[in-house]
Amino acid sequence: MQRKEFIQKVSASTFLMATGFYSSMGRAIEQDQGMIITTGGTISPSAMGSTLVHEHILSIFGTTAQEPAEYDDSHALNEVVPYLKYIKSLDCDTIVDCSAAYLGRNVRLLNQIAEQSDIQILTNTGIYGAANDDYVPDYAYRESAEQLARRWISEFEDGIQGTDIRPGFLKSGVDGGSLSEIDAKLIRAAAYTHLETGLLLQIHTSGNTTAANEQLAILEEEGVRPEAWVWVHAQNTEQVQDLVEAAKRGAWISLDGLRSPNFLNGKRESESSLLHHFEMVKTFKEEKLLDHILLSHDGSTYPPEGTAKRPLDPLFNAFVPMLKTGGFSPDEINQVLIENPAKAFTIKKRTF
């Protein structure tokens, strides 16, 4: 189904949004153009500030799928809020939470954390198709891409989990190798969602260049430009040139595996994680593509019991100093930490 056909089939309220009339929230979609959506509401791109683009504040990864995820709210707040206040003290203004539906999403609790820590948080819509499809609900196999997109568009219009909290981006993921049938369906549904909402598409792709190219082909077929798509966990790609070529087409490249010098894969290691990311960022600088880079940790501040936390501070405490000593100017560092996230997450339909 092509873009025109999908638009003809959307619900009445979604059609009103697509044509610039008032949505079911009683606001014109134009009011969201040029805005970023946090759990606390819309902000201007200039208010986003220094941003971690891929973290997991709340997560149930490795356990049974739940939607919404259930937590001991009081314990979670006591554990997470002080740590995020510390991250805030490092001049972090915004955190993008990538725990998708069935993977730990609980927007009420997430918004409480945002309010108490004084950090802006973005949540998401979509379905996570990686991890051998363990977090793909049964209905996703039965429903069409169009039906899945309507679910996600509804969360954008009406709010998530019975709240008025709206997604600031779409999160999905794919497994290794060529796209499976369900993964291809999720990507097509993501394309349809972008056409109606302008949400950025953050897709867990890791080092899978084959799947990256197949995703971009689906997006192009549906009229969505690469600028709407993020290659998540791109640091795992063996050939950096694959990332360079995707960036030249317009895609965002997320290098989001930063670890502290003494933490890599759960054990004490050298500075290899930081150096690996530095060399990749340096390559993009040399290619004059620094405006396509996003940085983060894929950290985890409240994982399931028995799972190690992953820190959110190496970017500020170790990697930024490495960039400074490595010849990156203040303007270049600000571009990667502030300007690029603001541009990427601004609500905007990026279509052919």
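Readers should treat all values here as calculations from the given coordinates under stated rules, not as data from a laboratory. This is a predicted model, so every value here is computed, not measured.
Percent antiparallel among DSSP beta bridges with both residues in the chain, to the nearest 5? Rounded to the nearest five, the antiparallel share is 25 percent. With equal scatterers on the alpha carbons only and no solvent term, can you work out the Debye log10 of I(q)/I(0) for the chain at 0.06, 0.11, 0.14 1/Å? Reported log10 I(q)/I(0), two decimals: -0.19, -0.67, -1.15. Counting every alpha-carbon pair across the range 78-137, the share separated by more than 14 Å comes to 58%.
Under 5 Å between amide hydrogens, built in the peptide plane, is the criterion, and for G173 it picks out G129, A130, H204 among residues at least 5 positions away or on other chains. Only helical runs count toward this figure. For the chain, summing -39,500 (n - 2.57) over DSSP H runs of n ≥ 4 and dividing by all residues gives -11000 deg cm²/dmol at 222 nm. Computed from backbone phi, the HN-Hα couplings of the range 183-193 come to 5, 4, 5, 5, 5, 5, 4, 5, 4, 4, 5 Hz, rounded to whole numbers (Karplus: 6.51 cos²θ - 1.76 cosθ + 1.60, θ = phi - 60°; Gly and Pro given as x). For the range 301-346, the Cα-based Rg and Dmax, in that order, read 14.4, 41 Å.
Could you go through the range 320-330 in sequence order and give the Karplus-derived ³J(HN,Hα) for each residue, using 6.51 cos²θ - 1.76 cosθ + 1.60 with θ = phi - 60°, rounded to whole Hz, and x for Gly and Pro? Rounded to whole hertz, the list is 4, x, 5, 4, 4, 6, x, x, 7, 7, x. When you restrict to C-alpha pairs under 8 Å that are six or more residues apart and normalise by the size of the chain, the relative contact order lands at 20 percent. Across the range 238-252, rounded Karplus estimates of 3J(HN,Hα) from the backbone phi angles (6.51 cos²θ - 1.76 cosθ + 1.60, θ = phi - 60°) give 5, 10, 4, 4, 4, 6, 4, 5, 5, 5, 4, 7, x, 5, 8 Hz, Gly and Pro being marked x.
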